[in-house]
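Working notes for the structure below.
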Amino acid sequence: MRYLFISDLHLEAKRPDITRAFLHCLEHQASQADELYILGDFFEVWLGDDDPNPLARQVAAALAALAEKGVRIYLMHGNRDFLMGHRFCQEAKCTLLRDPCIVTLNGQRVLLMHGDSLCIDDLAYMRMRRALRNPLSLFILRNLSLKTRHRIGRKLRDESQTQTQQKASDITDVNLDKVIEVMRIHDVRTLIHGHTHRPEMHELMIDGEPAKRIVLGDWDKLAWFLEVDEKAYRLNSTPLA
Ligand code: LP5
């Protein structure tokens, strides 16, 4: 079986180059795979499935067309699009995955995550994540008017951009003890995640056994994707233009 993994595309109307690259990827790479996994931050900001955003309709139609060809598509929330829900997934013919989630790829158990929950040294972000992602907050957020969600979303983005520029690089990366802890808990030797925008295949040892952590890249200048088949895991990129 062939699998394709992507994350952190941050699709938005003002970056048509990313949308073009994504549609190209669907046509040329994803269509050759049995399963496509999108591990969060697919959109720059997702305010709710009720947002009549033309880009979301275009993307949903493209995903649905791929699904019609027989490719199974799985989506996971990121920190920017955690309000994505079943309505969008139905439209796009995708399945929403929990974070974390274990899948079996060619007989091997693999842990999938967006990756933000591994950045435990980023205390301000962890506080914000807990505040936004608990069931009561999610219920309240989903029931605010679209205009209010838009305003709050803008404020959070602005504040986040200001604050991340001031944070040390190791603070915004994953905590390696946390990585090993979650891999032990889930009894896996392979973890695939995004979020940090630091694409890399990391080799590590867990309890004397070789393990790997594969970090997907963001789609700002390059389109990053991970191809998995019976022989190998290949992390590749192509220029966006
Ligand atoms: O996204 P990225 O990778 O640039 O940065 C993340 C962390 N930031 C975020 C925030 C998102 O960028 C913006 C969230 C948009 C959500 C939209 C949907 C919800 C709409 C709400 C509808 C009601 O996730 C960033 C991390 C970084 O990853 C690396 O891990 O550091 O975290 C922060 O920067 C958080 C700040 O440190 C703390 C921010 C406190 C914000 C308080 C503002 C309150 C405004 C409330 C207005 C009512």
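The values are calculated or read from the model by the stated rules, or taken from the named source; none is laboratory data. From a predicted model like this one, the values you see are computed outputs, not experimental measurements. Positions of Cβ are backbone-derived with ideal geometry, glycine not excepted, and every protein chain shown enters the neighbour counts.
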- Query: Going through the stretch 124-145 one residue at a time, which ones are more than 8 Å from the ligand (Cβ to nearest atom), surrounded by 12 or more Cβ atoms within 10 Å (Cβ to Cβ), of a type in the set (A, V, I, L, M, F, W, C) and closer than 17 Å to residue 84 by Cβ?
  - Reply: 138
- Query: From the residues in the stretch 217-229 that are under 15 Å from residue 110 (Cβ atoms) and either in a strand (DSSP E or B) or within 13 Å of the ligand (Cβ to nearest atom) (or both), which one is nearest to the chain's Cα centre (by Cα)?
  - Reply: 226
- Considering only the stretch 54-89, how many residues are within 13 Å of the ligand (Cβ to nearest atom) and under 23 Å from residue 20 (Cβ atoms)? 4
- Message: So the check is Cβ under 7 Å with 6+ separation or different chains; which pairs have a first residue in the stretch 92-112 that's among the acidic types (Asp, Glu) and a second one that's at pLDDT 95 or above and assigned to a strand (DSSP E or B)?
- Response: 99/76
- Item | Residue among 87, 72, 80, 57 that is at pLDDT 95 or above, basic (Lys, Arg) and surrounded by 17 or more Cβ atoms within 10 Å (Cβ to Cβ) | 80
- Query: Does the stretch 174-191 contain at least one residue that is crowded, with 17+ Cβ neighbours inside 10 Å, touching a Phe, Trp or Tyr at 6+ places or on another chain (Cβ under 9 Å) and under 22 Å from residue 125 (Cα atoms)?
  - Reply: no
- Message: Residues that are polar (S, T, N, Q) and at pLDDT 95 or above: does the stretch 12-28 have at least one?
- Response: yes
- Every residue from the stretch 146-179 that is without any contact (Cβ under 8 Å) to a residue 40 or more places away in the chain, within 6 Å of the ligand (Cβ to nearest atom) and not charged (D, E, K, R): 152, 156, 160, 163, 164
